[in-house]
Amino acid sequence: MSKKAQKRIGRGGIEIEDMGDIELPPEVDAEVTRRIDQAEEELTATSVNFRWHKEQLAVVKRVAEMMGVSYQTYMKMVVYKQALSDLRTMTGHTGAVAEMLGSYDPKTNRK
């Protein structure tokens with residue numbers, strides 16, 4: 001593919017040259033793909049912050065360590081699982097998440 005290199009000024013006034021598609025070594029390609037996937041996930045992710053007592057967090061960290069996951073991952077797993085359970089209980093739904101969410105009206109707090 002013959003294509004003239006395009007130059008533009010990037011962040012911080014640095015000149016960036018578009019080299020087109022290039023072949024990367026497999027390990028570099030895998031790392032680049034991983035970072036791109038992570039960046040795309042971060043675009044759709046939302047941060048949640050809250051305060052907890054040290055003792056509560058220590059319990060969560062201990063269980064997470066026993067499960068072999070980070071405490072953040074463990075918290076996400078547990079909160080999501082509990083939320084689905086609560087949603088099923090409140091809506092009477094046993095189906096897919098999308099179906100449950102579609103049946104719930106947060107304004108009236110009813111299905």
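The values are calculated or read from the model by the stated rules, or taken from the named source; none is laboratory data. Model, not experiment: these values are computed from the prediction. Every residue, glycine among them, receives a Cβ derived from its backbone with ideal geometry; neighbour counts consider all protein chains shown.
From Glu55, Glu31, Glu65, grab the single residue that is surrounded by fewer than 11 Cβ atoms within 10 Å (Cβ to Cβ), assigned to a helix (DSSP H, G or I) and not β-branched (Val, Ile, Thr).
Result of the check over Glu55, Glu31, Glu65: Glu55.
Against the condition in a helix (DSSP H, G or I), at pLDDT 75 or above and over 18 Å from the mean Cα position of the chain (by Cα), how does Thr73 come out, does it pass?
No, not satisfied.
Could you tell me which numbered condition Glu40 fails, if it satisfies all but one of (1) surrounded by 11 or more Cβ atoms within 10 Å (Cβ to Cβ); (2) among the charged types (D, E, K, R); (3) at pLDDT below 85; (4) under 18 Å from the mean Cα position of the chain (by Cα)?
Unmet for Glu40, out of (1) surrounded by 11 or more Cβ atoms within 10 Å (Cβ to Cβ); (2) among the charged types (D, E, K, R); (3) at pLDDT below 85; (4) under 18 Å from the mean Cα position of the chain (by Cα): (1).
So which of Ser47, Ser85 is hydroxyl-bearing (Ser, Thr, Tyr), at pLDDT below 90 and not in a helix (DSSP H, G or I)?
Result of the check over Ser47, Ser85: Ser47.
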